[in-house]
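The values are calculated or read from the model by the stated rules, or taken from the named source; none is laboratory data. Fair warning: this is a prediction, and the values are worked out from it, not measured in the lab. Reconstructed Cβ throughout: ideal geometry from the backbone, glycine too, with neighbour counts over all protein chains shown. We work out accessible area using only protein heavy atoms, side chains counted, and drop any ligands, DNA or RNA first. Shrake-Rupley method; radii C 1.70, N 1.55, O 1.52, S 1.80 Å.
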Amino acid sequence: MKIIYQNTFDNTLTEKYDPTFPREDQYYGCENFAVVADGITRDPIGITLEEAYKNQALAIKNYPRPSGAELAAKEVILTFKNNFNGNLKETLILANQNIQKLNEKYVPQCDYLENDYYGTVASAAFIKENILYYSYICDCGIIVYDKKGNIRMQTEDELEKYTRPYLNQIPYSWTNPESRIITRRDYRNNLKKIENGICVSYGALTGEESAIPFIKEGSIEISDEDTIIIYSDGFFHFLHEPEFIHLILNFNQEEFLTYIEKKANEDYSRYGKEKTLILAKKN
């Protein structure tokens with residue numbers, strides 16, 4: 001696997017108020033594999049989410065340090081660096097077990113709010129001969145473009161496809177603590193949450209054994225002309241943009257960085273949040 005470019009772009013608001021804010025996206029790309037982990041954002045300590053949304057500086061000040069999201073994401077990267085042996089899913093399962101140890105140390109009693117389990121989502125890939133193997137959980141993903149920019153394959157975002165539409169049908173507000181408890185307790189890593197014959201849960205590496213069935217894997221034959229991106233969900237809205245596709249097919253770092261900054265400034269909610277990408281080719 002040839003790594004063309006890899007980087008985390010910080011949340012534009014946290015970068016503005018506190019450049020030392022925990023980096024909860026982590027990544028590592030090498031010739032043997034590429035992995036991205038996106039730590040699950042924690043509740044601020046001692047203030048409501050309504051207060052946090054109204055005052056970004058206060059939210060950042062009261063954000064937990066150290067960040068359990070950052071620690072969980074780093075655990076995924078360390079697990080791959082130290083243990084990857086050619087099986088992506090097995091390595092993600094091992095990372096989940098290592099995150100369990102973090103939670104045994106730091107979260108003796110989970111309340112799904114300030115003391116929710118440390119957790120992360122992740123995606124990983126490697127190439128053997130002309131086959132791209134991939135594994136992922138939740139809304140980190142992998143996408144493959146052909147030489148013309150057509151999408152040959154993109155992993156499925158279970159949170160967006162199954163969980164969020166169902167939550168939007170019921171009385172629900174993320175600022176309401178009970179809504180967050182319901183989401184994390186009842187919809188995360190729960191194969192029994194069935195609506196109309198479909199599991200509407202999402203997966204996350206929280207150290208719980210119930211996360212394992214939500215780790216997906218697959219493979220696709222690729223050519224030297226294909227372009228591969230391993231990404232966190234902050235890049236999701238970029239991936240189908242014609243200008244983005246043109247830039248990654250004709251990669252120039254300066255032009256790419258200028259474009260990402262421009263989009264983040266245009267629309268923070270869609271393009272400005274923390275995001276990570278690893279851009280790779282077959283050889």
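Heavy atoms of the protein only, probe of 1.4 Å, neighbouring chains included. What is the accessible area of V107 in Å², nearest 10?
10
Keeping every protein chain present and rolling a 1.4 Å probe, give me the accessible area per residue for the stretch 1-160 in Å².
Numbers: 7510 Å² over 160 residues.
Ligands and nucleic acids excluded, the result is 47 Å² per residue.
Calculate what fraction, in whole %, of the accessible area of the stretch 24-149 sits on carbon and sulfur atoms when a 1.4 Å probe is rolled over the protein chains.
Values: 2480 of 5610 Å².
Carbon-and-sulfur percentage of accessible area, whole number: 44.
Using Cα-only point scatterers and the Debye equation, what is log10 of I(q)/I(0) for the stretch 88-158 at each q in 0.14, 0.15, 0.19 Å⁻¹, rounded to two decimals?
-0.59, -0.65, -0.85
Where the eigenvalues come from the Cα gyration tensor of the stretch 170-212, what are the semi-axes √(5λ) of the equivalent ellipsoid, largest first, in whole Å?
Working: eigenvalues 72, 45, 7 Å².
Rounded to whole Å, the semi-axes are 19, 15, 6.
Which order do peptides 67-73, 145-151, 155-161 fall in by mean Cβ count within 10 Å, highest first?
Values: 67-73: 24.9, 145-151: 12.6, 155-161: 17.9.
Ranked from most to least packed, the peptides come out as 67-73, 155-161, 145-151.
Taking the Cα centroid of the stretch 167-202 and of the stretch 137-153, what is the distance between the two, rounded to the nearest whole Å?
28
Please give the direction-averaged projected area of the C-alpha convex hull for the stretch 17-135, in square nanometres with one decimal. It would help to have the intermediate numbers written out before the result.
Details: hull surface 33.5 nm².
Mean projected area of the Cα convex hull: 8.4 nm².
Hey, if we sort C138, C199 by accessible area with the 1.4 Å probe, largest down, what's the order? Don't jump to the answer; show the numbers that get you there.
Numbers: C138 5, C199 40 Å².
Descending order: C199, C138.
Sticking to Cα atoms, compute the Rg of the chain to one decimal and its Dmax as the biggest Cα-Cα distance, whole number, in Å.
18.5, 53
Just need the relative contact order of the chain here, percent rounded to a whole number, with Cα pairs under 8 Å and 6+ apart.
Numbers: 570 pairs, mean separation 71.8, N = 283.
With pairs under 8 Å counted, the relative contact order is 25 percent.
Whenever you get a sec, compute what percent of the accessible area on the stretch 182-266 sits on carbon and sulfur atoms (1.4 Å probe).
Working: 1850 of 4150 Å².
Carbon and sulfur: 45 percent of the exposed surface of the stretch 182-266.
Compute for the stretch 136-258: radius of gyration divided by Kirkwood radius, i.e. Rg/Rh, restricted to C-alpha atoms, rounded to two decimals. Please list the in-between numbers first.
Values: Rg = 17.4 Å, Rh = 16.6 Å.
Result for the stretch 136-258 is an Rg/Rh of 1.05.
Could you tell me which of the pairs K128/K193; K16/K161; K16/K281; K61/K275; K105/K281 are separated by over 29 angstrom between their Cα atoms in the structure shown?
K128/K193; K16/K161; K16/K281; K105/K281
When only Cα pairs under 8 Å and 6 or more residues apart are kept, what is the percent relative contact order across the stretch 66-205?
20
Starting from the exponent 0.38 and prefactor 2.2 Å, build the expected Rg for the stretch 206-283 from its residue count and divide its actual Cα Rg by it. Each step should come with its number before you reach the end.
Numbers: Rg = 15.3 Å, N = 78, 2.2 N^0.38 = 11.5 Å.
After normalising by residue count via 2.2 N^0.38 Å, the value is 1.33.
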